[in-house]
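**Q** My questions will all concern the structure given below.
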Amino acid sequence: MGREGRAAMTAETITMMPASATIHPGWVRVCHWVNALAILVMIGSGWQIYNASPLFGFTFPGSITLGGWLAGALLWHFAAMWVLVINGIFYVTLGILTGRFRRKLLPIRPSEVVADVKAALTFKLAHDDLSHYNAVQKLLYSGVILAGVVIVLSGLSIWKPVQFQELTALFGGYDTARYVHFFAMAAIVGFLIVHVALALIVPRSLRAMITGR
Ligand code: HEM
Ligand code: HEM
């Protein structure tokens, strides 16, 4: 093949491989699954910690908690905490620096959210282009990333209320920070139920988060 032929083929190969061939880059997929595992450990151990001194009139069944007792649960909580925070800092930094957050999660227009919720409830919401998030996905993903920041900051302020006293004060003191921590967990669990259900209803999206395409 002559030089021209080769040049033509290269150009053809490039046009055949649009930039969107990879739906989720490797770093997103790795961060996503490390985060999913860490969050599950944090939820299970958090529920066990809660049971030692419930904020409300109920406790979580032992079969869905992690750690066996308070001290065991705290060990799990503080171990997975490092994984969650290091992985989270990596994901958020790259999300901002690569422009992924701006491209994929913004802008969120209330009118589009309303339209997409209506479409979703009548099963008319299209999922043909997995590389583009609809307004509901944008809202939920941005929301859960924010909930992640809040749960980490409130967690730090109940873990080290003396060292991080300004942070604890920002939450309105230790007791309020504990409630904030709990409700952030409830928001994440609520997100997770809808999120996993939708991933199972649209299995192609699950495959894309595993293999990238
Ligand atoms: C940097 C991250 C985190 C830190 C430093 C942290 C720290 C703590 C601490 C110190 C407690 C004990 C509070 C007490 O003595 O009552 C606690 C409780 C708890 N954590 Fe976390 N946590 C973090 C992330 C998370 C995450 C990601 C979740 C779940 C998604 C979670 C769920 C819970 C729950 C449910 C409790 C029990 C709530 C209560 O009764 O106070 N935590 N956390
Ligand atoms: C454990 C079970 C989980 C499954 C099966 C799952 C599945 C998925 C799938 C299939 C996608 C791509 C969906 C799409 O195209 O919209 C996705 C994206 C996402 N998931 Fe999950 N997920 C899980 C846990 C979590 C957890 C625990 C969180 C956070 C608390 C989370 C946060 C996200 C976010 C923020 C995205 C968008 C990521 C980006 O595009 O940068 N997921 N997940």
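**Q** Work out, in µm²/s and without decimals, the Stokes-Einstein translational diffusion coefficient of segment 156-213 at 20 °C, 1.002 mPa s, Rh from Kirkwood over C-alpha pairs. Each step should come with its number before you reach the end.
**A** Details: Rh = 13.7 Å.
It diffuses with D of about 157 µm²/s by this estimate.
**Q** Taking only Cα atoms and a 10 Å spring cutoff, compute GNM fluctuations for the chain and point out the largest among Phe123, Phe90, Phe164.
**A** Between Phe123, Phe90, Phe164, it is Phe123 that shows the largest mean-square fluctuation.
**Q** Still on this structure: Any idea how many Lys pairs in segment 55-167 come in under 24 angstrom at the alpha carbon, given 8 or more places apart or on separate chains?
**A** The number of close lysine pairs in segment 55-167 is 5.
**Q** Using only helices, what value at 222 nm comes out for the chain when you add -39,500 (n - 2.57) per DSSP H run of length 4 or more and divide by the total residues, to the nearest 500 deg cm²/dmol?
**A** -24000 deg cm²/dmol
**Q** Just the accessible area for Arg29, please: 1.4 Å probe, Å², rounded to the nearest 10?
**A** Spelled out: Arg29, probe radius 1.4 Å, area about 50 Å².
**Q** Just to confirm my numbers, what's the Cα centroid distance between segment 79-109 and segment 114-167 in Å?
**A** Their Cα centres are 11 Å away from one another.
**Q** So what is the orientation-averaged projected area of segment 70-118, using the convex hull of its C-alpha atoms, in nm²?
**A** Projected over every direction and averaged, the Cα hull of segment 70-118 covers 5.6 nm².
**Q** To the nearest Å, what is the center-to-center distance of segment 39-66 and segment 171-199, using C-alpha atoms only?
**A** Going from one Cα centre to the other spans 13 Å.
**Q** Compute the convex hull volume of the Cα atoms of the chain, divide it by the residue count, and report the result per residue in Å³ as a whole number.
**A** So the per-residue hull volume is 185 Å³.
**Q** Take Ser142, Ser45, Ser53 and sort them by solvent-accessible surface of the protein heavy atoms, 1.4 Å probe, largest at the top.
**A** Ranking Ser142, Ser45, Ser53 by accessible area, largest first, yields Ser53, Ser142, Ser45.
The values are calculated or read from the model by the stated rules, or taken from the named source; none is laboratory data. Remember, predicted model here, so these are calculated numbers, not experimental data. Accessible surface is based on the protein model in full, side chains and every heavy atom, while ligands, DNA and RNA are left aside. Shrake-Rupley method; radii C 1.70, N 1.55, O 1.52, S 1.80 Å.
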